[in-house]
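Structure first, then comments.
The values are calculated or read from the model by the stated rules, or taken from the named source; none is laboratory data. Worth saying up front: this structure is predicted, and the values here are computed from it rather than measured. Please note: Cβ atoms are built from the backbone with ideal geometry, for glycine as well, and neighbour counts cover all protein chains shown.
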Amino acid sequence: MNPLQLLDQWLKARLPADAGAWLATTAKALQSGSERDFYIAISLVSRKIGKSDLALTSAELAQAAAARPGWDPRDWSLDQAARVYLLLAAGSDGPVFSRRLDQLCITADIGELVAFYSGLPLYPDQPRHVLRAAEGVRTNMKAVFQAVAHRNPYPAEQLPEAPWNQMVLKALFIGISLDPIVGLDRRSNPELARMLRDYAHERWSAGRPVSPELWRCVGPHATGAMLADLGRVLEKGTGPERAAAALALASSPDPAATGLLWSYPDLSVAVTENKVSWQAIANPA
Amino acid sequence: MRFIDPHIHMSARTTDDYERMAAAGIVALIEPAFWLGQPRTQVGSYIDYLSSLVGWERFRAAQFGIHHYCTIGLNSKEANNEALAEQVLEILPRYLMKEGVVAVGEIGYDDQTPVEDKYYRAQLALAKEFGMLVQVHTPHRDKRSGTIKSMEVAVEMGVAPNSVVIDHNNEETVKDVLDRGFWAAFTIYPNTKMGNERMVEIARMYGSDRIFIDSSADWGVSDPLAVPKTARLMLDRGISAKDVEAICYGNALKAFGQSGQMKEEHWLSPAPVDQRMLFEGNSVLRGQTPKVGEVPSADQRAGEVVFK
């Protein structure tokens, strides 16, 4: 089944009869309806469908990933799913679709923006939406930023290096976790490592804490002075910070990193025995 | 005691205001679409403004634990630019059904020109088409006759009085508004509109049925704490707590709650999804119980409870 069919099936299974009937009728009408009807229908969704969690089962999440690799709608709500469903069901090709999407975003409320951005991996003509995704990264509304950055395969697949790096840095800047960013390790790059290291220094100068997750994208490119920074964290850091520095050193290609890590036998062993992980650092108990 | 400010233009206010409003017990507010002090000349600036009411401003309010609702409409001043008004009317339907839009508003008369009348009627028709409430701005000048005309036209257009809030009332208009079955809102304002000592007398005379107050605070001299301050004054002057609660909270909720978009449960027991999407922290959940009319000390005028 494709994503459109899956959304249809999941919503049908969850919506009360009247809401389900509205959605089915509307989806059908939109295939031939006016632009006005289209915009009104999308905005009506929260009133007709409600905002409860979509709450997919693990089997359904597996269906999602099979239909569209990387698609992870575990945090979606009913209105979010219904909006993306209507967008897809209206059945337009790339140019018409992105023109409508632009129009929708111009007049969107927060919930709609979250839905439109989280739907990015499902839209026709994928490369066409790069500027839209980059615009989402520029938002000042945390929930909207998260819709692009978290559990969304689109940025890693489509964003060029500069906006990708901005997205990762901004996630730290606004205090959200890096771990749910799809493709975080695969898209790490030396320029990002430099930006993050500069950011860590800025925070240290200001006497502010540095998220331990930052070092995850530094490690694979850490050599020379960057190793000294990681040494500083090992020396002075909190428990999670030291674990992060150890993991970062373990991912560095520089033999000096290995030497540095070995000088902290407890952490060195913890890394070898998988007692520390980026997931645990991102989600402290 | 909790408060609702059912008419306040937060786009023109700072985060200091949000902080003080939350501390004074305001749990929810309604931001009517209005003008910006200087007329807009392009439909594009109107679109961006309306989008900010359902987007950015809602997010800002949420950061302080305040629930933000809005009304959407073409205000009477800018209705006088007919070329602009036509284009605005075209895009309004795209906003009316959005989440948290509680009414078409604020609409009505300013100079009471024929063009204002045309777009007031057109928007009453939209309210009917979409099954929405209406929030009416009554004129500063020639107020009594403008207020009566607003109500007569609403009835003529087939809009039920109990789905219309008539705002910016005073001693001269309140009786007509209540007698005709409309909701009567009062703007408590320093210098112009209603002072809150006068409001106490209105509460004494008319009780608390279908009456409520707001601050209409905006980019001019105005006070975002007008509702909690007036509540305190009413209690000090012997108005019963039950009436004060109705005038400063319950009646606004009753009136705008008819939209189905504004519910007490939003701030008393927010859904998890709401927390996830919007709220940094919720004052209700943090267990704060602000004192009635408690005013944080930051502001110079904070101590002045009385509005002349």
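Checked against (1) within 13 Å of another protein chain (Cβ to nearest Cβ); (2) of a type outside the set (Asp, Glu); (3) within 17 Å of A:Ala64 (Cα to Cα); (4) under 11 Å from the mean Cα position of the chain (by Cα), A:Phe145 passes all but condition (3).
Would you confirm, using the coordinates I've provided, whether A:Tyr154 is under 25 Å from A:Ala27 (Cβ atoms), within 13 Å of chain B (Cβ to nearest Cβ) and hydroxyl-bearing (Ser, Thr, Tyr)?
Details: under 25 Å from A:Ala27 (Cβ atoms): yes; within 13 Å of chain B (Cβ to nearest Cβ): no; hydroxyl-bearing (Ser, Thr, Tyr): yes.
In short, no.
Candidates A:Asn140, A:Asn152: the one that is in a loop (DSSP other than H, G, I, E, B) and within 15 Å of A:Ala81 (Cα to Cα) is A:Asn152.
Just to be sure, is B:Ile211 closer than 22 Å to B:Asp110 by Cβ, out of contact with any Asp or Glu (no Cβ under 7 Å at 6 or more places or on another chain) and of a type outside the set (Ser, Thr, Tyr)? No.
Within region A:32-80, track down each residue that is assigned to a helix (DSSP H, G or I) and away from every other protein chain (no Cβ under 13 Å). Break it down into steps so the answer makes sense when it comes.
At the first step, the residues of region A:32-80 found to be assigned to a helix (DSSP H, G or I) are A:35-49, A:58-67, A:73-75, A:78-80.
Hits for region A:32-80 are A:Ser58, A:Ala59, A:Glu60, A:Leu61, A:Ala62, A:Gln63, A:Ala64, A:Ala65, A:Ala66, A:Ala67, A:Pro73.
I'd like to check something: does region A:104-123 contain any residue that is of a type in the set (Gly, Ala, Ser), more than 14 Å from chain B (Cβ to nearest Cβ) and part of a helix (DSSP H, G or I)? Scanning region A:104-123 turns up no residue that is of a type in the set (Gly, Ala, Ser), more than 14 Å from chain B (Cβ to nearest Cβ) and part of a helix (DSSP H, G or I).
Rundown of residues vs (1) hydroxyl-bearing (Ser, Thr, Tyr); (2) buried (at least 24 other Cβ atoms within 10 Å of the Cβ), yes/no style:
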residue	(1), (2)
B:Val27	no, no
B:Arg94	no, yes
B:Tyr109	yes, yes
B:Asp117	no, no
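Against the list (1) more than 14 Å from chain A (Cβ to nearest Cβ); (2) touching a residue at least 40 places away in the same chain (Cβ under 8 Å), the condition B:Asp110 fails is (2). Scanning region A:81-103 for residues that are among the polar types (S, T, N, Q) and either in contact with a Gly (Cβ under 8 Å, 6 or more places away or on another chain) or away from chain B (no Cβ under 14 Å) (or both) gives A:Ser92, A:Ser98. Among the criteria (1) touching a strand residue (DSSP E or B) at 6+ places or on another chain (Cβ under 6 Å); (2) farther than 26 Å from B:Gln258 by Cβ, the one A:Ser77 does not fulfil is (2).
Pick from A:Pro121, A:Pro16, A:Pro95: which is surrounded by 20 or more Cβ atoms within 10 Å (Cβ to Cβ) and without any contact (Cβ under 8 Å) to a residue 60 or more places away in the chain? Don't jump to the end; show me each part of the working.
On the way: A:Pro16 fails: surrounded by 20 or more Cβ atoms within 10 Å (Cβ to Cβ); A:Pro95 fails: surrounded by 20 or more Cβ atoms within 10 Å (Cβ to Cβ).
Result of the check over A:Pro121, A:Pro16, A:Pro95: A:Pro121.
Of the listed requirements (1) of a type outside the set (Ser, Thr, Tyr); (2) surrounded by fewer than 18 Cβ atoms within 10 Å (Cβ to Cβ); (3) within 15 Å of A:Leu101 (Cβ to Cβ); (4) within 14 Å of another protein chain (Cβ to nearest Cβ), A:Leu131 misses just one: (4).
Just wondering, is there one or more residues in region A:161-169 that are crowded, with 18+ Cβ neighbours inside 10 Å, at pLDDT 95 or above and in a loop (DSSP other than H, G, I, E, B)? No, every residue in region A:161-169 fails to be crowded, with 18+ Cβ neighbours inside 10 Å, at pLDDT 95 or above and in a loop (DSSP other than H, G, I, E, B).
For region A:45-54, enumerate the residues that are surrounded by fewer than 20 Cβ atoms within 10 Å (Cβ to Cβ) and free of Cβ contacts under 8 Å to residues at least 40 places away in the same chain. Correct list: A:Arg47, A:Lys48, A:Gly50, A:Ser52, A:Asp53.
The one condition from (1) modelled with pLDDT of 95 or more; (2) in a helix (DSSP H, G or I) that A:Arg100 does not meet is (1). The set of residues in region A:3-27 being more than 18 Å from A:Ala66 (Cα to Cα) and of a type in the set (Phe, Trp, Tyr) consists of A:Trp22 alone.
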